[in-house]
Amino acid sequence: MLVSMCQSQEEACGDGVTTTMLLCGALLQEAQTLLRKGLHPLTIIEGYRKSMEVSLNMLDEIATPLNKDLLLYVAETAMIGKGAENALQLLSGLVVESLGIVSENVEEAGAENVSMFKSGRGSLSDSSLIRGVAFRRRVPMDNLPNNLKDAKVAIIGGDLKIRSMTRDAQIKISSAGQLDSFVNAEQARKEDIANRILATGADVILCGGEIDTEILHILADNEILAIAQLDESELRNSADATSSLIIDSILDASPSDLGECGSLTWERNESSDMVEDIIRIGGCRKPSRVTIEVGGDGNEATEEAIRGIYDSLRATSLAIKDDLVLPGGGSTHSRVSYHVRSEMESEPGRERIAMEAFARAMETIPAVLAENAGQSPLDKVLELRAEARKENQAMGVDKKGEVSPIDDVWHSLSVISESLETSTETAISMLRIDQVVSSRGD
């Protein structure tokens with residue numbers, strides 16, 4: 001159940017997994033203490049559920065409207081602790097910029113609209129944003145055009161060659177003239193395929209299958225760059241970036257199916273271990289797909305940074321969707337704790353005991369932050385309680401473990417609300433199991 005809870009938080013928000021685990025653990029610890037004192041599981045469940053409802057309502061009230069600076073802080077916060085600190089400002093800026101570009105061309109921009117490409121060189125500080133896509137494939141001929149500007153792009157899903165027969169056939173040739181006619185007919189069909197491509201006005205051909213050698217030479221003679229053997233995701237991403245349609249049959253191709261890119265470059269990698277060349281398609285005018293080219297050696301450190309960037313993309317896209325953010329550093333959770341205690345005073349039944357336990361569990365977040373910084377968790381929690389009564393600027397635990405105003409650590413509203421709801425519901429589910437086991441006398 002805990003694994004499922006963490007997976008749910010990760011998939012929904014991309015951030016807040018550790019917080020969710022800490023909250024759920026604290027709620028279960030508090031519940032265990034109450035069970036030992038004789039409180040019934042259903043009473044605890046009811047108290048937890050009331051606390052969760054008043055907390056979620058309170059989050060909506062205290063959330064801050066989003067602006068560009070806060071959005072950058074959201075992107076930075078989601079990347080902290082995930083191997084991307086060395087270039088935190090650069091990468092967070094790329095995350096915000098990429099989502100901003102894509103949001104102009106799609107209804108709801110998300111992490112699925114941003115691809116990652118490992119450059120295999122430099123460091124994380126050499127990362128950059130490509131207004132298009134990049135991939136590795138072998139460019140078949142050295143004399144194919146390079147450094148194209150304002151190129152028209154045709155994307156073909158199948159092969160560029162004569163289809164093979166599905167059945168075996170034997171043809172008896174009785175003269176050299178008959179053989180020549182067969183060869184000429186095959187050549188004419190290849191020229192027809194090449195001419196249909198030329199008629200579309202394409203400067204670049206991206207093909208999902210094979211390209212016949214003779215067709216490739218005809219295209220090269222006409223200064224057309226052709227790249228074969230792209231997989232389905234590369235074709236789809238290229239189509240999204242260049243606003244192209246994927247052509248199923250070259251016989252049905254037309255100029256309206258073509259997209260456009262501002263630039264296309266490819267570079268050889270003959271002296272390296274990589275067989276494929278690097279192709280970059282950028283400068284697209286209305287891309288619904290962009291790419292962050294991540295610098296570094298491409299090994300474990302780069303992979304870890306990419307995971308952090310993906311988490312940041314999900315959290316940042318949620319912030320854009322919500323248009324509301326909340327301060328981190330334990331600030332929000334300490335205010336939730338204070339609010340639940342205030343609401344508890346009007347509760348006449350035993351549920352108020354569980355609500356008090358819920359409030360203590362919320363203080364686990366600032367307590368852990370203070371302890372990680374080498375400070376006394378109890379002292380800092382008591383300080384935050386006093387600050388919460390004043391209802392001043394959002395106060396939390398900073399990097400040094402001191403209680404101070406929080407102005408550079410922010411989360412989207414959904415990250416904290418989802419974390420709070422998921423951890424509470426998981427704890428409640430476990431308490432229901434405990435109730436069944438206890439009633440059996442096991």
- [ ] Return a whole-number percent for the relative contact order of the chain, with Cα pairs under 8 Å and 6 or more residues apart as the contact set.
- [x] 29 percent
Task: Percent carbon-and-sulfur accessible area, the chain, ignoring ligands, DNA and RNA, probe 1.4 Å - done: 47 percent
Task: Approximate shape of segment 313-442 as ellipsoid semi-axes (Cα gyration tensor, √5λ), whole Å, largest first - done: 28, 20, 15
Open item on the list: Cut-off under 14 Å on the C-alpha distance; same-chain residues fewer than 8 positions from residue 149 excluded. Which aspartates and glutamates are left, in chain and number order?
Closed with: 203, 223, 260
TODO: Just read off the accessible area of residue 161 with the full protein assembly in place, 1.4 Å probe, to the nearest 10 Å².
DONE: 60 Å²
- [ ] Report the FRET efficiency, 1/(1 + (r/R0)^6), for residue 402 and residue 256, where r is their Cβ-Cβ distance and R0 is 56 Å, rounded to 0.05.
- [x] 0.35
Open item on the list: As I understand it, the value is the acute angle between the Cα axis of helix 2-13 and the longest principal axis of the Cα atoms of the chain; what does it come to in degrees, rounded to 10?
Closed with: 60 degrees
- [ ] List every residue whose amide H lies under 5 Å from the amide H of residue 115, counting only residues 5 or more places away in sequence or on a different chain, with H placed 1.01 Å from N in the peptide plane.
- [x] 290, 291, 292
Open item on the list: With a 1.4 Å probe and all protein chains kept in place, how do 217, 339, 333 rank by accessible area, largest first?
Closed with: 217, 339, 333
Task: Residue-averaged 222 nm ellipticity for the chain, from DSSP H runs of 4+ at -39500 (n - 2.57), nearest 500 - done: -17000 deg cm²/dmol
Open item on the list: Can you give me the distance in nm between label points at residue 382 and residue 49, each placed 7 Å from the Cα along the Cα-to-Cβ direction?
Closed with: 3.7 nm
- [ ] Measure nothing but the geometry: give the 0 to 90° angle between the long axis through the Cα atoms of 88-103 and the longest principal axis through the Cα atoms of the chain, rounded to 10°.
- [x] 70 degrees
- [ ] Calculate how many DSSP beta bridges within the chain are antiparallel, expressed in % of all such bridges and rounded to the nearest 5.
- [x] 65 percent
Task: Per DSSP, loop GluC sites (Glu not before Pro) in segment 282-353 with at most 10 further Cβ within 10 Å - done: 345
TODO: Decide, for the chain, between rounded, prolate and oblate: order the square roots of the alpha carbon gyration tensor eigenvalues as a ≥ b ≥ c, take rounded if a/c falls under 1.5, and otherwise choose prolate if a/b is larger than b/c, else oblate.
DONE: prolate
Task: Distance in nm between pseudo-label sites at residue 198 and residue 7 (7 Å out along the Cβ direction from Cα) - done: 5.5 nm
Task: Set of segment 81-125 residues, backbone N closer than 11 Å to the point 7 Å along the Cα-Cβ line of residue 233 - done: 115-117
TODO: List the lysines whose Cα lies under 25 Å from the Cα of residue 380, skipping any in the same chain that are fewer than 8 positions away.
DONE: 390, 399, 400
- [ ] Would you work out the relative contact order for segment 23-161, in percent, from Cα pairs under 8 angstrom that are 6 or more residues apart?
- [x] 14 percent
Open item on the list: Starting from 0.36 nm per residue, how many nanometres of slack lie between residue 56 and residue 176 once their C-alpha separation is accounted for?
Closed with: 34.7 nm
- [ ] Please give the FRET efficiency for residue 433 paired with residue 37, using the beta carbon to beta carbon distance and R0 = 22 Å, rounded to the nearest 0.05.
- [x] 0.65
TODO: With unit charges on the beta carbon (Lys/Arg positive, Asp/Glu negative), name the residue among 327, 295, 262 whose Cα is farthest towards the positive pole of the charge dipole of segment 230-380.
DONE: 327
Open item on the list: Would any residue of segment 302-329 have its amide N under 19 Å from a label point 7 Å out along Cα→Cβ of residue 68? List them or say none.
Closed with: 316-317, 319-321, 323-325
TODO: Quick one: check the C-alpha center-to-center distance for segment 64-125 versus segment 193-270, whole angstrom.
DONE: 30 Å
Open item on the list: Before I look further, what does the chain give for accessible area per residue, probe 1.4 Å, in whole square angstrom?
Closed with: 49 Å²
Task: Extension gain, residue 267 back to residue 222 (0.36 nm per residue minus Cα-Cα distance, nm) - done: 14.1 nm
Open item on the list: If a paramagnetic tag sat 7 Å from the Cα of residue 299 along the Cα-Cβ line, which residues of segment 113-156 would have the backbone N under 20 Å from that point?
Closed with: 117-127
TODO: Would you rank 152, 321 by solvent-accessible area, highest first, keeping every protein chain in place and using a 1.4 Å probe?
DONE: 321, 152
- [ ] Highest first, please rank the peptides 121-134, 14-27 by the mean number of other Cβ atoms sitting within 10 Å of their residues.
- [x] 14-27, 121-134
TODO: Using only the Cα atoms of segment 318-395, build the gyration tensor, take square roots of its eigenvalues as a ≥ b ≥ c, and label the shape rounded, prolate or oblate: rounded if a/c is under 1.5, else prolate if a/b is larger than b/c, else oblate.
DONE: oblate
Open item on the list: Checking the cross-link filter: which lysines have an alpha carbon closer than 18 Å to that of residue 190, excluding same-chain neighbours under 8 positions apart?
Closed with: 161
- [ ] Please give the peptides 102-113, 355-366, 404-415 ranked by average Cβ packing (other Cβ atoms within 10 Å per residue), highest first, as a rough proxy for protection.
- [x] 355-366, 404-415, 102-113
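The values are calculated or read from the model by the stated rules, or taken from the named source; none is laboratory data. Just so it is clear, the structure is predicted and the values come from calculations on it, not from any experiment. Neighbour counts run over all protein chains shown; Cβ positions are idealised from the backbone, glycine included. The protein model used for the area step is the full one, side chains on, heavy atoms only, and it has no ligands, DNA or RNA in it. Shrake-Rupley method; radii C 1.70, N 1.55, O 1.52, S 1.80 Å.
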